[in-house]
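Since the structure comes first, as structure tokens, the remarks are kept for the end.
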Amino acid sequence: MPGVSAYIRELDPRLKLAIALVLGPCLWKVHAIAVVVCILFLFFIVWPLAAEQSVGFKMIRSLLVFVLFWVGIKMTLDAVSGVPVEFIVIDGLQLGARLVALLLLGLGLALSTSARSLGLAVSWALRPVIGQERAWRSALSLALMIHFLPICLETLANVKEVASRRCLGSGLSVRMRIIPLALVRNLGQKTWNQTLAVACRRLDSPRAWESDFSWCVRDGIIAVLSLTAIVVMFQI
């Protein structure tokens, strides 16, 4: 398992970002069977990456709860609209599978690649199109957004754990008030810390986003295999 995570981390960030950008929209168009196969493959990738995080498995559980919440809303609205039961179940399962695959894809990208590496990849791709100034600003924005996703999930898991230990015997209504307030307060503090980190490391300048990537044979093989897999998904 550590070998899988190490291999994924060593791949070129441009390759991983391109795969995520192409595969993400495709998950909404391919057959449900292809989506299930993709979930199994992504879970095999995300599991060792999450194992290296202190609250990695809790992050996955939080994402699954998020999926169940939206699937439940869709199925409820379909039931109120008078949709037949068999279609409600099928559509709900398909929506849940596609959301799980999409979230695992994003989580795998965030856990396997540093926010700065993804920002450098974006800057490399956008520089010939929109110029250096706009490219590095876009790269910084994306890097901050990607870096903040695991932080949000980790903070939510920590807040829920602290609430379960300190609020023994409290009802659901009490926790529903405490957890969001504590989460917003902690995220506000982390946002300030993130701002200071950007300033201290001088990431708010064009020179910090000059990439020096090197494409190797392994990256080319993975790119061909990934493209072939995406084409096969549309044939199912």
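The values are calculated or read from the model by the stated rules, or taken from the named source; none is laboratory data. All values derive from a computational prediction rather than experimental measurement. Heads up, the Cβs are rebuilt from the backbone with ideal geometry, glycines too, and the neighbour counts pull from every protein chain shown. Just the protein is used for accessible areas: all its heavy atoms, side chains included, with ligands, DNA and RNA removed. Shrake-Rupley method; radii C 1.70, N 1.55, O 1.52, S 1.80 Å.
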Please report the carbon-and-sulfur percent of the accessible area for segment 48-112; probe 1.4 Å, protein heavy atoms only, DNA, RNA and ligands left out. 74
Could you name the lysines in cross-link range of K29, using Cα to Cα under 29 Å and dropping any fewer than eight places away on the same chain? K16, K74
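Evaluate the relative contact order of segment 1-144 (contact order divided by residue number), counting alpha-carbon pairs under 8 angstrom at least 6 apart; express in whole percent.
Reported relative contact order: 32 percent.
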Taking max minus min of the Cα coordinates of segment 99-182 on each principal axis, largest first, gives extents in Å of 59, 26, 19
Summing +1 for each Lys or Arg and -1 for each Asp or Glu, what net charge is found among the other residues whose Cβ lies under 13 Å from the Cβ of L99? +1
Enumerate the helices in the chain for which the Kyte-Doolittle hydropathy averages 0.5 or more and the C-alpha atoms extend at least 27 Å along the helix's axis, using complete DSSP H runs. 32-51, 56-80, 85-112, 217-235
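With N residues in the chain, what two-decimal value do you get for its Cα radius of gyration over 2.2 N^0.38 Å?
1.15
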To the nearest 20 Debye, how big is the dipole of the chain about its Cα centre, given +1 on the beta carbon of each Lys and Arg and -1 on that of each Asp and Glu? 720
Obtain the nm distance between the two label points defined at I236 and I151 by a simple spin-label model: each point lies 7 Å from its Cα along the Cα-to-C-beta direction. 3.6
Tally Lys/Arg at +1 and Asp/Glu at -1 over every other residue whose Cβ is under 10 Å from the Cβ of F213; what's the total? -2
Projected label distance in nm at Q194 and V80, using a 7 Å step from Cα toward the beta-carbon: 3.3
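Please calculate how many Å² of accessible area the chain carries per residue, with a 1.4 Å probe and no DNA, RNA or ligand atoms counted.
Computed with neighbouring chains in place, this is 60 Å² per residue.
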Scaled by the rule-of-thumb 2.2 N^0.38 Å, the alpha carbon Rg for segment 125-226 gives a ratio of 1.58
Express in nm, to one decimal, how much length is gained between L40 and S164 on full extension, taking 0.36 nm for each residue of separation and deducting their alpha carbon distance. 41.5 nm
